[in-house]
Amino acid sequence: MQLLVSVADASEAHAALLGGADVIDAKDPRQGALGAVRQVVLGTICTAVGAGRPVSAALGDEGPPTLIERRARAAARRGAAFVKVGFRAAPTVSQARRRAEAARRGAGEREGEGTRVVLVAYADWARAHSLAPEPLVALAADTDAAGVLLDTAFKPAGLFALLDTRTVGAWIAAAHDAGLFACLAGSLGGPDFAAARALGADLVGVRGAACVGGRSGRISRARVAELSALARAAPLAAAATLV
């Protein structure tokens, strides 16, 4: 299982890289679960990481498809390996599809090459007025996304406090059956990694657990190293390695 660490700037990206994160995720935590960083900040993060690890970029989970497409295109031009898009205020498949297809157009993904798209579901989707996790998997497969992420829209409610392990495990299995990688996030910490690994998650995503001072604090190289060791405590899940 691999570790994704969300960073807000180049300094945090450097700490996450040195700590052993497998994927460096550009995200503005002040703007919610999928807050997009400014493009100039994304550029500095990509430069700091270089070819050392793949970079993912959050595109946001609200706004018109034109905004999502523009952000995806800018991220692709800066060399991001993945872009993540969410679906707040888009609870129907038709609404979510427009946003997913906009991300795909912007990323310019073709046959698994270049920047790939990840669709994000929320465990608290009803509160977020978002597309539910189950139909999101089908939408991801239908729009040629590379993977899916199950997160929480509202913090600090943890993923496993909102959904039981059987439900999460079934969601991961559905993603794998559709040829997608599956990532879990949502106020996860080291003690949650064993459950995520047992359920077959390919990645776990963290922000607060990797920071000194919580989600709004700063990424700690030492904390990333501890979390990386826990994530690597067992073989990778069924899907291919992302690095």
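Some points to look at:
- Test result for Ala182, outside any helix (DSSP H, G or I), among the small types (Gly, Ala, Ser), farther than 18 Å from Gly32 by Cα and without any contact (Cβ under 8 Å) to a residue 60 or more places away in the chain: yes
- In segment 64-75, residue farthest from Ile24 (Cα to Cα) [restricted to those that are surrounded by fewer than 22 Cβ atoms within 10 Å (Cβ to Cβ) and of a type in the set (A, V, I, L, M)]: Leu67
- Restricting Ala15, Ala75, Ala21, Ala8 to residues that are farther than 23 Å from Asp192 by Cβ and among the small types (Gly, Ala, Ser) narrows the list to Ala75.
- Residue match in segment 185-205 (condition: of a type in the set (Ser, Thr, Tyr) and closer than 22 Å to Arg99 by Cβ): no
- Residue count for segment 189-214, restricted to those that are basic (Lys, Arg) and buried (at least 23 other Cβ atoms within 10 Å of the Cβ): 1
- Long-range neighbours under 9 Å by Cβ, at least six apart or interchain, first residue closer than 13 Å to Lys27 by Cα within segment 1-15, second of a type in the set (Ser, Thr, Tyr) and surrounded by 23 or more Cβ atoms within 10 Å (Cβ to Cβ): Leu4/Ser56; Ser6/Ser56; Glu12/Ser6
- In segment 140-158, the residues that are at positive phi form Cβ pairs under 7 Å with partners that are part of a helix (DSSP H, G or I) and surrounded by fewer than 24 Cβ atoms within 10 Å (Cβ to Cβ), at six or more places apart or across chains, as follows: Asp144/Arg104.
- Count of residues meeting criterion [closer than 20 Å to Ala8 by Cα and either without any contact (Cβ under 8 Å) to a residue 40 or more places away in the chain or outside any helix (DSSP H, G or I) (or both)] in segment 185-225: 21
For every residue, the table says whether it meets (1) of a type outside the set (A, V, I, L, M, F, W, C); (2) part of a helix (DSSP H, G or I); (3) under 14 Å from the mean Cα position of the chain (by Cα).
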{"residue": "Val117", "(1), (2), (3)": "no, no, yes"}
{"residue": "Glu134", "(1), (2), (3)": "yes, yes, no"}
{"residue": "Ala138", "(1), (2), (3)": "no, yes, no"}
{"residue": "Ala141", "(1), (2), (3)": "no, yes, no"}
{"residue": "Leu150", "(1), (2), (3)": "no, no, yes"}
{"residue": "Ala157", "(1), (2), (3)": "no, no, no"}
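- Tally, over segment 143-190, of residues that are touching a strand residue (DSSP E or B) at 6+ places or on another chain (Cβ under 7 Å) and among the charged types (D, E, K, R): 1
Coordinate-derived values only; no laboratory data. Being a predicted model, the structure only gives us computed values, none of them experimental. Please note: Cβ atoms are built from the backbone with ideal geometry, for glycine as well, and neighbour counts cover all protein chains shown.
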